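First the structure, in the form of structure tokens, and then the observations on it.
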Amino acid sequence: MTVASPSLYAADTPGISPEPFYLASGNEISLFEAAYNARLPVILKGPTGCGKTRFVEYMAHRLGRPLITVACHEDLFASDLIGRYLLMNDQTVWMDGPLTRAVRLGAICYLDEIVEARKDTTVVIHPLTDSRRMLHIEKKGESILAHPDFSMVVSYNPGYQSVLKDMKQSTRQRFVALEFQYPVPEKEADIVSQESGLGHDLSLKLVQFAGKIRNIREHGLTEGASTRLLIYAGRLIQNGVSVMEACRAAICLPLSDDVRLQETLMELMEDMFGVCSMPNRQCGGVI
């Protein structure tokens, strides 16, 4: 067998997608731009479904850079990021992994939920997140200097931290951190309305319902209702599902399997939507 020379296939080159909708809640846009211009890696901290991934997509479009996203998990090996040799047409061909492609292209590489990845895997990003900005491919004996436009972005949810799933200080202290929370109610309602097509008034009621749920986290919920779930509920309502059924299917049931918690969530839902003064078409037929 012969070893083919490395190549970057056109099909592997990510494009720049249409501008995603993103509504800023603070100075995160200017901070990210400053970090990008200074070639500093960025870590996004915040609860599930609060807009971290959408923010990265928006910033990639704003900066005019391709975005390569990797969903991290416990079976993610360094070779999954860097690349590996594959047998193709009786030849051993090297195929770049997503991180290597991003380094060569000058893309933004986004590692989503980085604490889910193996500790020995995340170590490979260390030389890319300091002054070296270099990726070493041990299997090829090659070191690649990152493209000038390359940027490393990672995210994680502090609410899921534990002894086993926490970020090492040697990794954490290589990043500029941006903290995300759920938007204030009016802005969150604007987001739900924009993303689901639901009217603003009913979107606001969904947000208020989520606020009640987020206030009972100490009673057993590991995390409150995310903005993403509110958008799902809004889309169900827009497709003819009643408000109560939409909230149950898209918000209450995904949050917990505990029977008592489900009863509590249903009571909150009935308090919020059981008596509705809005027109039937906005309330999904719930009066």
request  = Provide the per-residue ³J(HN,Hα) series for region 187-198, in order, calculated from phi with Karplus coefficients 6.51, -1.76, 1.60 and θ = phi - 60°, each as a whole number of Hz, with x at glycine and proline positions.
outcome  = 5, 5, 5, 4, 5, 4, 5, 5, 7, 9, x, 6
message = Could you order the peptides 106-113, 136-143, 147-154, 36-43 from most to least packed, using the average number of other C-beta atoms within 10 Å per residue?
response = 106-113, 147-154, 36-43, 136-143
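Taking each pair of distinct Cα atoms in region 114-267 once, what is the resulting Kirkwood hydrodynamic radius in Å?
Values: mean 1/r = 0.0539 Å⁻¹.
Value: 18.6 Å, from the Cα pair sum.
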ask   = From the square roots a ≥ b ≥ c of the eigenvalues of the alpha-carbon gyration tensor of region 89-195, which class results: rounded (a/c under 1.5), prolate (a/b over b/c), or oblate?
value = prolate
For region 177-182, Karplus couplings with θ = phi - 60° (6.51, -1.76, 1.60), whole Hz, Gly/Pro x = 9, 10, 9, 10, 10, 5
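Would you mind getting me the FRET efficiency between Asn215 and Ser79? Use the beta-carbon distance for r and R0 = 45 Å, nearest 0.05.
0.50
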remark   = Taking placed amide H atoms and a strict 5 Å upper bound, the residues 5 or more places from Gly197 or on another chain that come that close are none
query = Got a sec to turn the phi values of region 69-81 into Karplus ³J(HN,Hα) couplings, 6.51 cos²θ - 1.76 cosθ + 1.60 with θ = phi - 60°, whole Hz, x for Gly and Pro?
reply = 10, 10, 7, 7, 7, 5, 9, 7, 9, 4, 5, 5, 8
remark   = Amide H contacts under 5 Å for Ile137, restricted to residues at least 5 apart in sequence or on another chain and with H modeled in the peptide plane, are Glu142, Ser143, Ile144
query = Rg (Å, one decimal) plus Dmax (Å, integer) for the alpha carbons of the chain?
reply = 22.1, 74
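Need one number: % antiparallel among DSSP beta bridges in the chain, to the nearest 5.
Values: 10 of 29 bridges.
Of those bridges, close to 35 percent are antiparallel.
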remark   = Dipole check, the chain, charges on Cβ (K,R +1; D,E -1), about Cα centroid: among Cys252, His136, Gly97 the Cα furthest to the positive pole belongs to His136
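Given R₀ = 30 Å, FRET efficiency for Glu245-His61 by Cβ-Cβ distance, to 0.05?
Numbers: r = 35 Å, r/R0 = 1.18.
Efficiency computed from Cβ-Cβ geometry: 0.25.
Could you work out the helix-only [θ] at 222 nm for the chain, with each DSSP H run of four or more residues adding -39,500 (n - 2.57) and the total divided by the number of residues, to the nearest 500 deg cm²/dmol? The partial results should precede the final answer.
Working: 12 runs with 106 residues, N = 287.
The helix-only estimate for the chain comes to -10500 deg cm²/dmol at 222 nm.
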note = Across all Cα atoms of region 185-283, Rg and the largest Cα-Cα distance (Dmax), in Å, are 12.4, 35
task = Cross-chain or 8 or more residues apart, Cα under 24 Å: how many lysine pairs in the chain fit that? Count them up, please.
result = 17
Relative contact order [Cα under 8 Å, 6+ residues apart], the chain, whole percent = 19
ask   = Residues with beta-carbon under 14 Å from that of Phe32, excluding Phe32: net charge, scoring Lys, Arg +1 and Asp, Glu -1?
value = +2
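The numbers here are math on the coordinates, done by the rules we state, and not lab data. For clarity, every value in this text was computed on a predicted model and none was experimentally measured. So basically every Cβ, Gly included, is an ideal-geometry build from the backbone, and we count neighbours across all protein chains shown.
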